[in-house]
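Coordinate-derived values only; no laboratory data. Please read these numbers as outputs of a predicted model, since none were measured by experiment. Counting neighbours? That spans all protein chains shown, and the Cβs are built from the backbone with ideal geometry, glycine included.
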Amino acid sequence: MGRPFHPVAVARTFALRLIHLAASPAAWACVAAFAVTALAKLHAVRLLWRRPTGAFAWTIAEDAAVYLGLAALFGLLERRVPRTRPFTAVMGLGLFLLAVANGVYIVAAGDQGSLAALAALWDRSRDVADILRDGLAPWVLPSVAVAAVAALAAHLYARRRTRDAAAPAYPHATTIALAALAASVVFFSPRPRDPAVRRFGRNLLVALGRGLAAPEIGAGFQGYAAPKASNTAAATAEADLPNVVLVILESTRYDHTSLAGADAKAKTPTLAELAADGFEVPVMRAVVPHTTKALWTMLCGQLPLLQRELWELSGDVEAVCLPRMLRDLGYHTAFFQSAQGLFEQRARLVHKLGYDHFQPWEDIRGFRLGYLASDDMSMLRPLEAWLDRTRGDGRPVFVTLLTSSTHHPYKLPPWIQRRVEEEGLPHDTDAERYARLVEGEDTFLAAVLDVLSFRSMRDRTVVIVVGDHGEGFGEHGVMQHDQNIYEEGVRVPFVVAGPGIERRVARGNASALDFLPTVVGLLDLAGLPPPSAFPGLDLSTHDVPDDRPSYLSCWFTERCRGFVVGHHKLMDEREAGERFVFDLAADPDERNPLPVPEALAPHVEAMERVFREHRIEHREMVHPEFRGYGLWWCPEGDDKCKHPRARHPDFRYPLDRETVRRNPPKELRDAKARRRP
């Protein structure tokens, strides 16, 4: 006859085992790693996604299994082989630091970490500090501090309790059962169908393991084929070349514009008016939802390098881009942006694209809206000044204006804040403030048109409006845009209006790769290469065939990639080892992942080849020295540019008196202007 069951004794033994487990530094570190991860995911699920607590429970199930299973294994190892304690302590500390880095990434980007993400976190530690300062919820740091103190207190208490007490039996079976439970959760538990929980519920260690085990994509980039050279002689004989104004809307998704109809989440009447009078592409997707990659795709008409590294900035990667082609035809060219120009060496990129003039935040000094953005209205005065300087010689102008206010952390400039308060518009959440900022972009677009009308340039100017990529707010477990190839992350508006532009709506799955050949076709200027010289399609005369794939890639290609062909959208999440399809006709919100049909196999093979052909490995980037655009300096061999008025001191350089005299600070210029009669 077996021993009688005593619940109190069983509970006491179990509590003693937990105390002895907490006394192990490695096990304590694993528990602390789980606590940090859970807090970060709670921040994302509740504050960013606005999802119920049930979704949060799903997202931490795998984390609980992995970290608590490791804690049990470390505890058993230390009990059986005490000499392993230094090794397990180091392992536990490493796991805890990884969890902290992952927690920082979750809070900063609203996405689960990965090998590439942690590498980017290390490379951009300064940017991450700025992002956390501007975007962190006020309760997160106190919560982390309280959790750390509580965990440390529990550890010290457990050490004191177990110093002289005999340890209870800690059988192999208990640890084996915990490890088996963890493995079953990781490898055999059913995946939730909700893409948000499905993606965010992965444990960092499991993701790192799968990422390391994933087969290499390979690299075979051989350079871009140059289009047919411009015929400058023919171009100069062209009469009355139109001005071209390109407005690139930062992080602007299609469903937040009036182009989406009654379901639009923001009102953009100026954009809708341009579309009603001109050319429109209702379904256009970014290739990579990242601004530098998107600028290269659209302005150079080529697929970007499909990897995290910004090879587009390297001096040995060459392409013929729209600004250079128009400059060769006699155009004045300028690029204005309200964001910081130091971010991702924008001065280098703009120079490489072929612009003659560049003014970002460091030169404009607009009202700051966070670590990157500023008020877009600050670009109007520099634009007016540049137009007044250049329009006297009769040459046409090509101007690009890149907004930034819609970028995270979605802070409202004072003039929008006053408007939303006066009109009672919702602006409490990030998503609501983002909608108000998109409406502010539309007001900025109207102001740009007014600038042209005031100078009698409107009737001679082709206006192009396009989004660089979209923005996510947790609809599919992804915040912001870099790792978001769901529709909210890649589908953007594209509208062209002006002299000679006929009303047309292009059909099919357009890609940002089609932007340049379409613009070239619409301008129809002698001296430009024909649209057929570029890999994309001229949408001004063609609809997109159903069998043409439009490729998509996360900024970290290892995280996700895919394509859209017909009504199928394939998602290849390499680090998770998952590949699935959405039927966009039946499931436009991408809620029901399906198995990949056999009919898509040839397109999958083509995707593998295309991605290999647009990757570079095993060579160093070339960064030649660049000085220009006033005070900008990009040193040779340095992947950072410098400006004497940079926000961070590390990116400033001293000026001599003559340079200051020729380029006075904005405050001094304004003071001189006020003294003039």
Residue (of 629, 646, 610) at the positive-pole extreme of the range 609-659, dipole from beta-carbon charges: 610
The range 362-435 - convex hull of alpha carbons, volume per residue in Å³: 110
Computed over the range 377-517, the ratio Rg/Rh where both radii use C-alpha atoms and Rh is Kirkwood: 1.00
For the range 235-613: Kirkwood Rh in Å [reciprocal of mean 1/r, alpha carbons]: 21.0
Dipole of the range 262-383, positive direction: furthest Cα of 369, 286, 301, with charges on the beta-carbon: 369
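What length, rounded to one decimal in nm, is gained on full extension from residue 652 through to residue 385, with 0.36 nm per residue of separation minus their alpha-carbon distance? Display every interim value, and only then the final one.
On the way: separation 267, 0.36 × 267 = 96.12 nm, distance 2.59 nm.
Extra length from residue 652 to residue 385 when fully extended: 93.5 nm.
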Extended-chain gain in nm, criterion 0.36 nm per residue less alpha-carbon gap, residue 612 and residue 61: 194.8 nm
Computed FRET value (nearest 0.05) for residue 587 with residue 225, which takes r as the C-beta separation and R₀ as 56 Å: 0.90
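Length gain on complete extension for the stretch residue 604 to residue 83, per 0.36 nm per residue less the alpha carbon to alpha carbon distance?
Working: separation 521, 0.36 × 521 = 187.56 nm, distance 5.12 nm.
Additional length available on full extension: 182.4 nm.
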Restricting the range 559-664 to GluC sites (Glu not before Pro) in coil, as DSSP defines it, with at most 12 other Cβ within 10 Å: 617, 620, 625, 636
The range 272-307-the range 325-384 distance, computed between alpha-carbon centres (Å): 18
Relative contact order, percent, the range 235-613 [alpha-carbon distance under 8 Å, six or more residues apart]: 25
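Suppose R0 equals 25 Å. What FRET efficiency, 1/(1 + (r/R0)^6) with r the Cβ-Cβ distance, do residue 216 and residue 622 give to the nearest 0.05? Could you put the intermediate results ahead of the total?
Numbers: r = 24 Å, r/R0 = 0.96.
For R0 = 25 Å, the calculated efficiency reads 0.55.
If you take every residue apart from residue 397 with its C-beta less than 12 Å away from the C-beta of residue 397, what net charge results, scoring Lys and Arg +1 and Asp and Glu -1? Please report the intermediate quantities before stating the final value.
Values: positive: 327, 389, 391, 395, 455, 460; negative: 356, 388, 393.
Net charge around residue 397: +3.
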Set 293/569; 41/642; 265/293; 265/640 screened for pairs whose C-alpha atoms are more than 31 Å apart: 41/642; 265/640
